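Shown next, in structure tokens, is the structure this report addresses.
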Amino acid sequence: MVQASAVEIRNLDKFYGPFQALKQIDLTIPPGKVTCLIGPSGSGKSTLLRCINFLEEYDAGEVRIDDQLIGYDGPGRKMSARKLRQMRRSIGMVFQQFNLWPHMTALENVAEGLIRVRGLGKADAATRAAEALRKVGLEDKMQNHPARLSGGQQQRVAIARAIAMEPRLMLFDEPTSALDPELVGEVLQVMKTLAGEGMTMAVVTHEMGFAAHVADQVAFMEAGELVAVDSPDAILHNPSDPRISDFLRTYHERNAF
Amino acid sequence: MFSTQTFFDSFGPLFWAARYTLLVSGLGIALGLVIGALVCAAALSRVRALRRFAALWVSFLRGVPLLVQLLLMYYLLPVIGINVPAIAAAVITVGICASAYISEIWRGAIGALPPGQSEAAAAIGMAPRDIWTRIVLPQAVVMSLPALVNELILLVKASSLVSVVGILEVTRASQAQAATTFRPLEVYLAAACIYLLINLCLAGLGRYLEHRMAV
Ligand SMILES: Nc1ncnc2c1ncn2[C@@H]1O[C@H](COP(=O)(O)OP(=O)(O)O)[C@@H](O)[C@H]1O
Ligand SMILES: [Mg+2]
């Protein structure tokens, strides 16, 4: 089992110029559980996720990881870059566009952080990287560059790159949205395994099946607001808010054939 | 009548003169790469004054013809008490001029990199210095290779301008040769062949590098 972090988000505000992308968000992401974020495009899901590892700077409120405030030392006082890097070490992130480094092989992609951030020697890093790649089922693709991998394989390398760092929290921003439909399953399978090991996961997704079967809680966002947080069943099958039913209706209409 | 004899005879002295063409463009690009890197760093700096300086540097050097820059440098250096051989003045001017284009080539290549590349590195806690040296620069350099080779080819051709400060490179040598043989057509055709030969080699090198370093 992994050591899992808890995330507490309180009264979070985020502005892009005059535009408020996040409005007073309150959300608890319990340790060892899977929290799925759903909602229409542009509702602020990515922004919220990116505030958790401070890739996006929030303007007011708090994000705490295991009680430690990220990004700030106190009200209005920015955390040092060094301390922020220290905190990011234990937060893995997986992006919609994979963001693998094209000039490195799969193995090098995974080993890079172990060498530069964790300070491991090349041989140790390679061993650990190979382990992580085995875990996502890519032991035979370690020497391939990203360009020679399918989308599903690239995303699995990206997951391996994150888990090799032994994070206590994993953030996924639409990890399967850029994939051909037949490649979605292999990535979701890896994520399920990770969830089964007790990793804390926050997952922005349009895969309602994954949300229904794997999530412990589902948060619904719209127009920068967190409309509801509840069990998958309550959100997906008995939505209390008309905005949720509207979203789900559109979703089902689009996926019907 | 076209004199094949003169045409072939011209190659000897012109090849000899080509060493200046290669010296000026070779050292020029080397100096341009170094200064260009500094100017590019200034352009991307957080310090406003440095960004201003870089912008001025680039717009001045791209806005004034190289020929005028060469003459300026040639007459300016002695005035400010620097006495260097004409060849050094030429190399420095060509290098400074190239730095303006090269810094823009690099700025463009760095800017063309998807932001997700450095975000992925920042997300696992990599330090800015490692992000630059391991993620951004290796990719930007590869992306810039075709443009850099192109720039070098332009420099080889532009190096004919350094004849104004008295350097006997290929163009100047062929003028002299044409005057003594009274066979300008043959001589200039030979000069054209030499430039073409150099630049075809460079283009080949560019394709090789691109191929070697491409992923
Ligand atoms: N860098 C940015 N600058 C300005 N507006 C942005 C930026 N990033 C996101 N936004 C805006 O913030 C809102 C939320 O975006 P995002 O979090 O990406 O939504 P989602 O992930 O739910 O589709 C959108 O209206 C988007 O246009
Ligand atoms: Mg998004």
Legend entry - Residue in the stretch A:15-27 that is farther than 28 Å from residue A:196 by Cα, within 14 Å of chain B (Cβ to nearest Cβ) and away from ligand 2 (no atom under 16 Å from the Cβ) present: no
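With a cut-off of at least 1 residues that are aromatic (Phe, Trp, Tyr) and either closer than 15 Å to residue B:165 by Cβ or over 17 Å from the mean Cα position of the chain (by Cα) (or both), name the helices (runs of 4 or more DSSP H) lying wholly within the stretch B:21-119.
Numbers: elements: B:48-63, B:66-79, B:86-112.
Qualifying helices (runs of 4 or more DSSP H): B:48-63, B:66-79.
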Legend entry - Residue in the stretch A:2-17 that is within 20 Å of residue A:90 (Cβ to Cβ), at pLDDT below 95 and surrounded by fewer than 16 Cβ atoms within 10 Å (Cβ to Cβ) present: yes
Legend entry - Check on residue A:92, in a loop (DSSP other than H, G, I, E, B) and either surrounded by fewer than 16 Cβ atoms within 10 Å (Cβ to Cβ) or within 8 Å of chain B (Cβ to nearest Cβ) (or both): no
Inset, instruction - Residues being assigned to a helix (DSSP H, G or I) and within 17 Å of residue B:95 (Cα to Cα): count how many of those fall in the stretch B:148-195. - result: 18
Inset, instruction - Exactly one condition in (1) surrounded by 21 or more Cβ atoms within 10 Å (Cβ to Cβ); (2) hydroxyl-bearing (Ser, Thr, Tyr); (3) at the interface with chain B (Cβ under 9 Å from one of its Cβ atoms) is not met by residue A:43; state its number. - result: (3)
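Report, by residue number, each residue of the stretch A:159-203 that is within 16 Å of ligand 2 (Cβ to nearest atom) and more than 21 Å from residue A:66 (Cα to Cα). Working first, answer last.
Of all residues in the stretch A:159-203, those within 16 Å of ligand 2 (Cβ to nearest atom) come to A:171-179, A:202-203.
Result: A:173, A:174, A:175, A:176, A:177, A:178, A:179.
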Inset, instruction - For the stretch A:54-89, name all the residues that are over 16 Å from the mean Cα position of the chain (by Cα) and at the interface with chain B (Cβ under 10 Å from one of its Cβ atoms). - result: A:81, A:82, A:84, A:85, A:86
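Taking the stretch B:120-135 as the search range and keeping residues that are within 32 Å of the chain's Cα centre (by Cα) and hydrophobic (A, V, I, L, M, F, W, C), which one is nearest to the other protein chains (Cβ to nearest Cβ)? Talk me through it step by step, then tell me what you get.
Going residue by residue through the stretch B:120-135, those that are within 32 Å of the chain's Cα centre (by Cα) are B:128-135.
So of that shortlist, the ones also hydrophobic (A, V, I, L, M, F, W, C) come out as B:131-132, B:135.
Details: B:131: 9, B:132: 12, B:135: 6 Å.
That would be B:135.
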Inset, instruction - Considering (1) over 27 Å from residue B:205 (Cα atoms); (2) within 10 Å of chain A (Cβ to nearest Cβ), say which one residue B:142 fails and leave the rest. - result: (1)
Inset, instruction - Filter the stretch A:56-76 for residues that are within 16 Å of ligand 1 (Cβ to nearest atom) and touching a helix residue (DSSP H, G or I) at 6+ places or on another chain (Cβ under 7 Å) and give the result. - result: A:56, A:58, A:63
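The values are calculated or read from the model by the stated rules, or taken from the named source; none is laboratory data. Because the structure is predicted, anything quoted here is derived from the model rather than measured. Cβ: placed from backbone, ideal geometry, glycine included. Neighbour counts: every protein chain shown.
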